[in-house]
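The values are calculated or read from the model by the stated rules, or taken from the named source; none is laboratory data. For clarity, every value in this text was computed on a predicted model and none was experimentally measured. As a convention, Cβ positions derive from the backbone with ideal geometry for all residues, glycine included, and neighbour counts pool all protein chains shown.
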Amino acid sequence: MDLLEITDLSIAFAGLRALERVSFSVREGEILGLIGPNGAGKSTLLNCVSRVHRPTSGRIAYRGENVLARRIHELPALGIRRTFQNLELFKEATVRENVVLGGTSRYHAGVVRDLFGFSRRFQASAAARADELLRTLNLAEHADTVVAALPYGLQKAVELARALASEPKLLLLDEPAAGMNPEESRRVGDTILTLRKAGITVLLVEHDMRLVMSVCDRIVVLDHGEKIAEGAPAAVRENPAVIAAYLGEEAIA
Ligand code: ADP
Ligand code: MG
């Protein structure tokens, strides 16, 4: 059994078929890249797995269990965590506070409660864990900075840190390197490789092909809501259908 099994997944928005019978699996411990042109259905697929959208048909199993029978707030307790293509952070809170809140669902059944509702001891230990995580991710110097004051690339890094605070088993990343400079993007790659060493499974949606090719064990390619290729990075990069749909310009360059 694979960690995440997606079978014949379809969803339509007002007649537009965003996903059409997409099937693939994510194996425990691997980094699976999900790529394709804009509008291919990548974010929609993550939205289905994370229960933001209900698919029209198809199955999603996590450890063999039907994810579609779960509610959105139950997912962190199961070990499923995601980031969003557009940042969803508490912008007026500090980096540390955001990371602390990211960790709370593990202890409070997915309900993000007001920080002041927690016991003093919980706050102290959660803050200590947040600081440790921020050190690991080279973000310690920004711990007391309000998120809104950080450049975009660092805000993206904070979103990843917040998702990690719940110690997920399966991490769904929607363009974690979008808007980053090459150095920041490389750091995201290093972080993802560290995650794999820690046994975390990653489903990675990303346009930065250097990042995708350097960290992914396998890649699935979507185009117009359909899976057009799946395989090892080297094979996918040379797949004519993938080049035609998505990698054309890069292959020529
Ligand atoms: P990608 O992430 O690969 O760029 P998306 O999954 O965001 O693509 O979008 C796939 C298609 O579904 C697009 O045509 C998009 O406009 C459409 N779509 C996505 N979400 C919605 C929504 N909530 N309502 C209507 N259409 C949507
Ligand atoms: Mg998207």
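Values for this structure:
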quantity	calculated
The range 73-102, residues that are in a loop (DSSP other than H, G, I, E, B) and of a type in the set (A, V, I, L, M, F, W, C)	Phe84, Leu87, Leu89, Phe90, Ala93
Any chance Ala148 is surrounded by 16 or more Cβ atoms within 10 Å (Cβ to Cβ) and either aliphatic (A, V, I, L, M) or within 17 Å of Glu206 (Cα to Cα) (or both)	no
Residue under evaluation Glu88, criteria (1) crowded, with 16+ Cβ neighbours inside 10 Å; (2) within 13 Å of the chain's Cα centre (by Cα); (3) at pLDDT below 90, criterion not met	(1)
Selection within the range 64-76 - among the hydrophobic types (A, V, I, L, M, F, W, C) and within 16 Å of the chain's Cα centre (by Cα)	Ile72, Leu75
Wholly within the range 193-253, strands (runs of 3 or more DSSP E) carrying at least 3 residues that are within 16 Å of ligand 2 (Cβ to nearest atom) and surrounded by 15 or more Cβ atoms within 10 Å (Cβ to Cβ)	201-205, 218-223
Residues located in the range 24-72, provided they are surrounded by 15 or more Cβ atoms within 10 Å (Cβ to Cβ), away from ligand 1 (no atom under 12 Å from the Cβ), of a type in the set (Gly, Ala, Ser) and not in a strand (DSSP E or B)	Gly29, Ser50
Odd one out for Glu30, checked against (1) at negative phi; (2) under 15 Å from the mean Cα position of the chain (by Cα); (3) within 16 Å of ligand 2 (Cβ to nearest atom)	(3)
